[in-house]
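Below: the structure, in structure tokens.
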Amino acid sequence: MAIPIKNETAIAAMREACAVASTVLYQLRERVRPGITTYDLDQWGRELIAELGARSACYGYQAGSRRFPAHTCLSVNEEVVHGIGSLKKILSDGDIIALDVVVEYHGYIGDNAITVPVGKISSARQKLLQVTAEALRLGIAQAKVGNRIGDISHAVQSHVEKHGYGVVRDMVGHGVGVSMHEEPQIPNFGRRNSGDLIRPGMTLAIEPMVNVGSWRTRTLRDGWTITTVDGSDSAHFEHTVLTTEQGPEILTLPRLASPVSVHAVG
Ligand code: MF3
Ligand code: CO
């Protein structure tokens with residue numbers, strides 16, 4: 001199957017969907033504080049998405065016989081991705097939480113994620129967030145016309161492993177457009193100059209998931225939440241990127257230059 005190439009109309013629609021996705025993400029971030037439950041955060045996400053006239057692409061998302069029951073993915077500490085908001089999960093000072101927001105707006109999908117501190121975090125956790133955000137930035141820089149997907153993968157992996165962390169292999173980045181997951185798959189590990197050729201008009205969700213310890217993960221009994229096998233911390237950052245002749249363009253960059261956006265993007 002070929003990688004979808006977006007025309008001008010599709011690109012305009014992707015810009016809007018991604019703007020909605022990033023607006024929700026950074027508004028959600030404002031609500032993160034010790035004492036709040038991940039259920040409350042998810043409900044806030046549900047309301048915001050509805051206010052903006054969009055739909056959560058996570059809610060009801062089907063994998064096998066299961067449907068994802070929440071509106072956003074909220075993953076705390078050793079949770080890697082796909083955490084389900086819960087009244088039992090109360091954020092504490094020093095935690096880290098990955099916020100992953102995927103919305104559909106007028107038929108197109110924007111996908112983005114950040115991992116943020118809850119209150120004051122340890123320097124070890126600070127470093128994990130920084131290295132993962134840098135890995136995303138380095139991966140995006142390789143999303144150049146004429147490069148191959150493996151150039152993105154290799155840039156992410158080498159940065160992560162240079163710092164002694166493990167890069168998750170069971171889940172990958174992906175093309176995104178009218179569906180949440182389109183071709184190509186974008187692993188966060190791989191060889192330079194391998195995989196599909198990058199052409200103009202691709203919209204790619206690049207999303208390093210980085211563990212302090214082993215790259216191995218497991219799935220909790222809820223059927224969704226992915227955690228590290230060894231209980232070590234994990235971080236996740238994601239942007240939807242448009243490939244152009246002039247270089248990669250991040251479609252999920254927050255539009256307003258607020259202090260929030262400064263560390264959010266990494
Ligand atoms: N950003 C995640 C992904 O690309 C969102 C998954 S939504 C869920 O897979 F429904 F699968 F949880
Ligand atoms: Co994604």
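Computed from the coordinates by the stated procedures, all read-outs in this text should not be read as laboratory data. It should be emphasised that the depicted structure is a prediction, and the values quoted were computed from it without experimental measurement. Here the Cβ positions follow ideal geometry from the backbone for every residue, glycine too, while neighbour counts run over all protein chains shown.
Worth a mention:
- Spatially proximal lysines relative to LYS162 (Cα-Cα < 29 Å; intrachain offsets below 8 disregarded): LYS120, LYS127, LYS144
- Label separation (ARG33 vs ALA50): 2.4 nm, computed from points 7 Å beyond Cα along the C-beta direction.
- For a modelled paramagnetic label at VAL178, 7 Å from Cα along Cα-to-Cβ, the residues of segment 1-27 in reach, with backbone nitrogen under 19 Å, are 1-18.
- Full-extension gain in nm, ARG216 to GLN185, via 0.36 nm per residue minus C-alpha separation: 9.3 nm
- Simple spin-label estimate for GLU16 and ALA124 gives 4.7 nm between the two label positions (7 Å along the Cα-to-Cβ direction from each Cα).
- Against the empirical 2.2 N^0.38 Å (N residues), segment 8-265 has a Cα radius of gyration ratio of 0.92.
- Per-pair calculated FRET efficiency, R0 = 22 Å: ASN193 and GLN246 via Cβ, rounded to 0.05: 0.50
- Each peptide in 71-79, 26-34, 1-9, 246-254 receives the mean, over its residues, of other Cβ atoms within 10 Å, and ordering these scores from highest gives 71-79, 246-254, 26-34, 1-9.
- FRET efficiency, LYS162 to HIS106 (Cβ-Cβ, R0 35 Å, nearest 0.05): 0.30
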